[in-house]
Structures are given as C-alpha cells and as structure tokens.
Amino acid sequence: MYAIIRTGGKQYRVAEGDRLKVEKLEAGEGAKLEFLDVLMVRDDNRIKVGKPAVAGASVLAEVVEQGLHRKVRGFKLRRRKGYRRKFGHRQPYTEVQITSIQAL
C-alpha cells in the first residue's frame, strides 16, 4: 500500500515505514503528524484518486529530526564592474517516518 501526499508545495510517494525529508514543519521531535492532503492511495489492486484530495484518507507520521540540508553556494557577478558576491544557503527540513496510511 502506498499513497501520494502533498506538503510544502511538493508531492511525495510514501509507504508505511518510509523516512523522508520534507520542507520544514512546525513540530518538535517525536511529535505525531497527520497529512490530510492525500492525492492518491493504492491498496493491492484498488486505486483511489482524489479531486484534488481523496476524501477520508490520511497519512500518519512521526517527526524524527529537524535539520539543515547541505550548503548550496551561490555567486553573483557583474562583468567589468568589479562586483562579486559569494553566498551560501542551507534549507531547513523536517525528517518524518510514516507510521500508517488510512484510506476509507
């Protein structure tokens, strides 16, 4: 059984026991989360597709960790003007573990 959920403007294919890094969510480590924006659920031979979300379906997860991704380096340059800027950015994430998928 797997489901497609939407969180943080992105879509993820999840199954029970999966661990994934999603955009930062305001929840502490060990907190329980419920994703209600389930776009599709597949169970054995049955597929339920939502318009846009599947009614009554939810995905339960537990927060494992809050962290920062690897640093991404950026560089700005204006040619012939002596303007150069180097910067870095680390995007925050929340790592969650999927505990169950519930579909009615």
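Quick look at the values:
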| quantity | calculated |
| --- | --- |
| Number of positions in segment 13-38 that are farther than 15 Å from Gln102 by Cβ and of a type in the set (A, V, I, L, M) | 5 |
| Scope segment 18-52; condition among the hydrophobic types (A, V, I, L, M, F, W, C) and either touching a residue at least 40 places away in the same chain (Cβ under 8 Å) or under 26 Å from Gly88 (Cβ atoms) (or both); matching residues | Leu20, Val22, Leu25, Ala27, Leu33, Val38, Val41 |
| Residue check for Ala15: surrounded by fewer than 13 Cβ atoms within 10 Å (Cβ to Cβ), touching a residue at least 60 places away in the same chain (Cβ under 8 Å) and out of contact with any helix residue (DSSP H, G or I) (no Cβ under 8 Å at 6 or more places or on another chain) | yes |
| Single residue of segment 83-104 satisfying the filter (loosely packed, with under 11 Cβ neighbours inside 10 Å and aromatic (Phe, Trp, Tyr)) that is farthest from Leu20 (Cα to Cα) | Tyr83 |
| Residue within segment 70-78 that is among the basic types (Lys, Arg), more than 30 Å from Glu29 (Cα to Cα) and at pLDDT 95 or above present | yes |
| Odd one out for Ser58, checked against (1) among the small types (Gly, Ala, Ser); (2) over 15 Å from the mean Cα position of the chain (by Cα); (3) surrounded by 15 or more Cβ atoms within 10 Å (Cβ to Cβ) | (2) |
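The values are calculated or read from the model by the stated rules, or taken from the named source; none is laboratory data. Being a predicted model, the structure only gives us computed values, none of them experimental. All Cβ positions, glycine included, derive from the backbone under ideal geometry; neighbour counts span all protein chains shown.
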